1. Evaluate the range 38-50: report whether one residue or more is within 11 Å of the chain's Cα centre (by Cα) and either of a type in the set (Lys, Arg) or surrounded by fewer than 24 Cβ atoms within 10 Å (Cβ to Cβ) (or both).
2. Do you know which residues across the range 70-81 are surrounded by 24 or more Cβ atoms within 10 Å (Cβ to Cβ) and either within 16 Å of the ligand (Cβ to nearest atom) or under 14 Å from residue 125 (Cβ atoms) (or both)?
3. Residues of the range 130-189 being more than 19 Å from the chain's Cα centre (by Cα) and modelled with pLDDT of 90 or more, which ones?
4. Which condition number in (1) open to solvent by less than 40 Å² (accessible area, probe 1.4 Å); (2) in contact with a helix residue (DSSP H, G or I) (Cβ under 9 Å, 6 or more places away or on another chain); (3) closer than 22 Å to residue 124 by Cβ; (4) more than 15 Å from the ligand (Cβ to nearest atom) is the one that residue 63 fails?
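The values are calculated or read from the model by the stated rules, or taken from the named source; none is laboratory data. Please read all numbers here as calculations on a predicted model, not as lab measurements. Cβ: placed from backbone, ideal geometry, glycine included. Neighbour counts: every protein chain shown. What goes into the accessible areas is simple: the full protein's heavy atoms, side chains included, and nothing from ligands, DNA or RNA. Shrake-Rupley method; radii C 1.70, N 1.55, O 1.52, S 1.80 Å.
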Amino acid sequence: MSELRKFLFDGMPVRGMLVRLTDSWQEVLRRRSTQGTHPDHPPEVRRLLGEMTAAATLMQSNIKFNGALILQIFGDGPVKLAVVEVQPDLSFRATAKVVGDVPAGATLSQMVNVHNQGRCAVTLDPRDRLPGQQPYQGVISLWDDAGKPIEHFAQVLGHYMLQSEQLDTTLVLAANDQLAAGLLIQRLPVQGLGNISARSTQADEDEIGRNEDYARIAILAASLKEAELLELDGPTVLRRLFWEENRIEFEPLVGERAPRFACKCSRERVRRMIQGLGAEEARDIVREQGHIEVGCDFCGLAYRFDAIDTEQIFVDTAPGSSSIQ
Ligand SMILES: [Zn+2]
């Protein structure tokens, strides 16, 4: 079952979150693997998309933004686009567009930054956006300060959090076909300290202490291996990493409140689309292909209408027809 755990370190300006997406992440892959117009992604892309999904759910619940958080990579390699959208209620969807072959074992830069033109973007699209108001977008480069291409997606986001929120953040991400998981540790802003000059010495000392607390916890977090994140359950991960620290855990978000997969596509929407084609064109497609198949671009699910389904659409909507349904 998917879950999100939030916690604080007692008396220290450090918070953390652990997300484990199981059924919800498997649903993303299941839809994609239903044969048809949208074939399965290669394993390297599935892993990247899983890491992005875990990261995006952590970011959304971290900033508590009243609107969609959209995490995108615009790649210049075989992966042209990878995108995850997370709503304030933590429902999410994810997809990627791959053109050509992804080499086996491809690194991040071999997938999305072959010519140094790849970039990552975080978009915050407010729910109550006024007409003409643009969503906020932050663009993150895919190379580090030394000009080297970044090979771990977690690093990309660490950069972003530091730039956009001025908050030190440590992220560990991992994904396979069963689980997309992530651990986020963040230093909270310290408010009101150092403002009163008479207390500045004390404040400086406090600040140093707080930096040390964060530094120690960040090192512990960064020691988490991908295999551990994938194989151990949530409480075990946290206990093993932080057994010496006083942690205050909030009630975990599970079930309905956990991050979960949701796409807006439906059979009814596709039905209306076929209706829009008109009876003649729809029947032509059925004659040529035996059925009409439409895949959702976002989640990859294929909707199939055979000859009888197709006739049904137009019988129901024929002028003057009286439906008994
Ligand atoms: Zn869909």
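1. Within the range 38-50 (the criterion being within 11 Å of the chain's Cα centre (by Cα) and either of a type in the set (Lys, Arg) or surrounded by fewer than 24 Cβ atoms within 10 Å (Cβ to Cβ) (or both)), the answer is no, since none of the residues qualifies.
2. The answer is 71, and nothing else.
3. Correct list: 187 only.
4. (1)
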